[in-house]
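Engineer: Below are the structure tokens for one structure; questions will follow.
The values are calculated or read from the model by the stated rules, or taken from the named source; none is laboratory data. Computed from a prediction, not measured in an experiment: that's the story for all the values here. No Cβ is skipped: glycine too gets one built from the backbone with ideal geometry, and neighbour counts run over all protein chains shown. Note: accessible area is taken over every heavy atom of the protein model, side chains too, but ligands, DNA and RNA are not part of it. Shrake-Rupley method; radii C 1.70, N 1.55, O 1.52, S 1.80 Å.
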Amino acid sequence: MTARAFPAMGTVVSLRLEGTRDAMATDAAAASLEAESPTTAAAVAAVGEVFARWEAHCSLYDPASELSRIGRGELGLVDAGEEVRGAYELALHWRARTGGSFTPHRGDGLIDLNGVVKALAIAESGAALDGLGVTRWGIDAGGDVLVGGAAAEGQAWRIGIVDPADRGALLGAIDLAGVGGRMAVATSGSAERGDHIWTQPGAGPAAFVQVSVAAGDILTADVLATAIVAGGRAALDEYTERFPIDVLAVLGDGSLLATPGWPRADAVTQPSAARDAAAAR
Amino acid sequence: MRTRALILASAASATAILGGWQLGAIGAVTAPVAQSTQTTGTTASTDASTSTSGTGTSSSGSTGATGSSGSTAGTGTSAAASSSSTDGTYTGSTVSTRFGDVQVQVTISGGAITDVTPLHLTDHDGRSVMISNQAAPILRDEVLQAQSASVYLVGGATYTSQAYLQSLQSALDQAGF
């Protein structure tokens, strides 16, 4: 599997690709590949273009973006391109679905589409890789992950979840199927970009330091991770009942909450049972 | 009227409990059992369509619990009489949900539903599983552990390109893993 990474949207996009012309594990596999399979460079470029386009339209860090111009009153929202209008509409849809915990309206009145734009770029990149014929791919944009196809034949993608208290260590892991079921896991935090999630008025400081949501699609995962950080325990309880998601949440004191479906450590074999099994052999 | 209101309130709360399960078809409440008995054996032996009519009763409370799925309409059972003589505990039939099979027990007291208890829920392998998808405390040792060498990608709260340089993901990318 080939690994590539490039900067985008103020963070880094990491790719894992299998099925590109120059990413085959063996010569035999490469020889069996159809000539029209894309090169790794073409696949990376396709993803790069998707991210660059969304950034050009919706970045608030780029003063020349459409959304920045809207924020300054230079461009009317109705006059913006379909990316901005579509993303805004989607953000409003999710605001309604989350009872306002997720919102594109910043405390200072600016429209901020960061909550949906990265997920939209990830989803569109995945579709682009599928379209190119990349058979197995994983996209990680700043810690939000979407996969397509199995990691290897019959094998899930194991995604590590970083420990918010120690960026160099893993807190846990979750397996993404790549086909059906869990395809995406997104993580939001109240610590690293302290300003990027606005809690609801009167909600006080965020209850959760970090919230990871696994879902069938990256948009649901990303929006609900953000909404749970913003909405606290009540939001966590509500969305886990309403949406088919699994959640791992880290509280301020480092303790954890997990839904029943979040993967558990393998059961430790009882010493006596192991002994019995050995004796039976 | 007061009794009716209580029943409706109970039905609404049952809907809240069960609404998320995407309930499929459910039979009517079937047989009264002793209040203290955790009977789970009663299944859909009594079909809703064969039961006698009733109004505003324990069974309609149970139906209310599934009303969100729209699967059963106008059920009522012999337990439908509105007098307090119907006090008791009733066991519903087994229902398939996306989490597995579930069976609900309803307790009637003073003509009103006083309790709705999920009796059991099993996953598709027949193991009992938790009734709700609510997140509960879990120890660090209990979550699926992984070493960085065994994961494909690392998820975490949005890291800036600067923080990325100190991240596990950066190490994985450099290793070409």
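Engineer: Which residues, counting only those in the range A:146-160, are farther than 22 Å from A:G131 by Cβ and buried (at least 20 other Cβ atoms within 10 Å of the Cβ)?
Structural biologist: Scanning the range A:146-160 gives A:I159, A:G160.
Engineer: A further question on this structure: Working only within the range A:248-260, note down all residues that are more than 7 Å from every other protein chain (Cβ to nearest Cβ) and outside any strand (DSSP E or B).
Structural biologist: The initial filter retains those residues of the range A:248-260 that are more than 7 Å from every other protein chain (Cβ to nearest Cβ), namely A:250-254.
Passing the criteria: A:G252, A:D253, A:G254.
Engineer: Further, regarding this structure: Listed residues B:A163, B:A157, B:A146; which is within 7 Å of chain A (Cβ to nearest Cβ), assigned to a helix (DSSP H, G or I) and modelled with pLDDT of 75 or more?
Structural biologist: Values: B:A157 fails: assigned to a helix (DSSP H, G or I); B:A146 fails: assigned to a helix (DSSP H, G or I).
Matching residue, one of B:A163, B:A157, B:A146: B:A163.
Engineer: Sticking with this structure for a sec: Which condition from (1) at the interface with chain B (Cβ under 10 Å from one of its Cβ atoms); (2) open to solvent by 20 Å² or more (accessible area, probe 1.4 Å) is the one that A:L176 breaks?
Structural biologist: Here A:L176 meets the rest and fails (2).
Engineer: Out of the range A:27-44, which residues are at pLDDT 90 or above and open to solvent by 50 Å² or more (accessible area, probe 1.4 Å)?
Structural biologist: A:A41
Engineer: Residue check, B:A80 against (1) open to solvent by less than 20 Å² (accessible area, probe 1.4 Å); (2) at pLDDT 60 or above; (3) more than 14 Å from chain A (Cβ to nearest Cβ), all met but one. Which one?
Structural biologist: (2)
Engineer: What are the residues in the range A:124-176 that are more than 21 Å from B:V143 (Cα to Cα) and assigned to a loop (DSSP other than H, G, I, E, B), if any?
Structural biologist: Matches in the range A:124-176: A:G133, A:V134, A:T135, A:G142, A:G149, A:A150, A:A151, A:E153, A:G154.
Engineer: While we're here: Could you tell me how many of the residues in the range B:134-164 are surrounded by 23 or more Cβ atoms within 10 Å (Cβ to Cβ) and over 27 Å from A:P7 (Cβ atoms)?
Structural biologist: Looking only at that region, the number is 1.
Engineer: When the range A:35-48 is examined, which residues are found to be assigned to a helix (DSSP H, G or I), touching a helix residue (DSSP H, G or I) at 6+ places or on another chain (Cβ under 8 Å) and not small (G, A, S)? If you could, list the steps in order and put the result at the bottom.
Structural biologist: Taking the range A:35-48 as the starting set, the residues that turn out to be assigned to a helix (DSSP H, G or I) are A:40-48.
When the remaining residues are screened for being touching a helix residue (DSSP H, G or I) at 6+ places or on another chain (Cβ under 8 Å), the result is A:42-43, A:46-47.
Across the range A:35-48, the qualifying residue is only A:V47.
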